[in-house]
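Each remark here refers to the structure printed beneath this line.
The values are calculated or read from the model by the stated rules, or taken from the named source; none is laboratory data. All values reported here derive from a predicted model rather than from experimental measurement. In this analysis, Cβ positions are derived from the backbone assuming ideal geometry, glycine residues included, and neighbour counts consider all displayed protein chains. All accessible areas refer to the heavy atoms of the entire protein, side chains included, with ligands and DNA or RNA removed. Shrake-Rupley method; radii C 1.70, N 1.55, O 1.52, S 1.80 Å.
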Amino acid sequence: MKDFVPECAILGSEERFRKACELARDHAYDESTQSEIGTLAERRLHSVLKFYYESDVNLHEIKIGRYYADIVTAGQIIEIQTGDLGRLGRKLDTFLKEHTVTVVHPMAKNCVISRIDPETGERISRYKSPRHENIYSAVPRLYRIKPYLQNPNLAIRLVFLSVEEFRTPNCKKWGSHKGSVRLERFPEALHYEIDLSTPEDYKVFLPSGLPENFTSGDLKKLTRCPDASLLLTVLNAVGSVERVGKKGNSYVYRVK
């Protein structure tokens, strides 16, 4: 998959990120706990991002209807979703009625995996993950909330970070990555952000060199995105591209 930093990327603030990490650590620390890993009521990655976008705790966890929003300021909601975007459906139904909403979704540009002994809490191993997420890694996640992406009150912010992921091995499959359980993710650096709101913003997914009329196969060749057909479905929904016909079993698109 093609790995690059789009020209529209907004560079993160090192000082602001450092301060957010300090606030999240101080907010979460419990002297009665011997280890922070896996014991926090709120996950560290989520907490750091919340403090990065709003340092005032009085603006955190504000009830809107039946749900709590992570941050509410000046009529705007910032909702941080570190997991499946599809789980936001009911919240978005409520929040978008009267507010503009920015959904912040972290992406692991770089990841170090630390394995923790489940009995002693000691680190067993630490290594760099071969996985590097980029904008195309977000495609199946965006597809999960495709009906909401057309709402003018909704913006998506993809945040690319370096993280350390703590895992504990599953006793049944000690040496298997699939046999491990993720305990926590600690952000180590915030590299850049990509804002997606308008049809023009979503064109960041379209590489140069596309023919005037193209299929998902053409897009996949240029981007190496394994979810090119899903991507075009999303881009068609938000109005960045339009379907103009079919070529065999494939839809033909062009940029609007």
(request) Hey, can you tell me all the residues within the range 112-145 that are open to solvent by 10 Å² or more (accessible area, probe 1.4 Å) and within 30 Å of K91 (Cα to Cα)? (result) H132, E133, S137, P140, R141, Y143, R144
(message) Testing F166 on (1) touching a Lys or Arg at 6+ places or on another chain (Cβ under 6 Å); (2) closer than 21 Å to M107 by Cα; (3) at pLDDT below 95, one condition comes back false. Which one is that?
(response) (1)
(message) Which of the strands (runs of 3 or more DSSP E) found entirely inside the range 148-256 contain at least 1 residues meeting this: in contact with a helix residue (DSSP H, G or I) (Cβ under 6 Å, 6 or more places away or on another chain), in contact (Cβ under 8 Å) with a residue 40 or more places away in the chain and not hydrophobic (A, V, I, L, M, F, W, C)?
(response) 180-196, 250-255
(request) Name the single residue, out of those in the range 174-188 being open to solvent by 70 Å² or more (accessible area, probe 1.4 Å) and over 20 Å from T82 (Cβ atoms), that is modelled with the lowest pLDDT. (result) W174
(message) Among the residues of the range 110-146, what is the count of those that are touching a residue at least 40 places away in the same chain (Cβ under 8 Å) and either assigned to a loop (DSSP other than H, G, I, E, B) or under 13 Å from L235 (Cα atoms) (or both)?
(response) 13
(message) Being farther than 22 Å from V103 by Cα and not basic (K, R) is the filter here; which residues of the range 177-205 pass it?
(response) H177, G179, S180, V181, L183
(message) When you check Y127 against the structure, is it at pLDDT 95 or above, out of contact with any Pro (no Cβ under 8 Å at 6 or more places or on another chain), aromatic (F, W, Y) and farther than 16 Å from R43 by Cβ, yes or no?
(response) no
(message) Can you confirm whether F160 is modelled with pLDDT of 95 or more and more than 29 Å from K220 (Cα to Cα)?
(response) no
(request) Identify the single condition in (1) modelled with pLDDT of 95 or more; (2) touching a Phe, Trp or Tyr at 6+ places or on another chain (Cβ under 7 Å); (3) within 30 Å of Y143 (Cβ to Cβ) that R16 does not satisfy, given that it satisfies every other one. (result) (3)
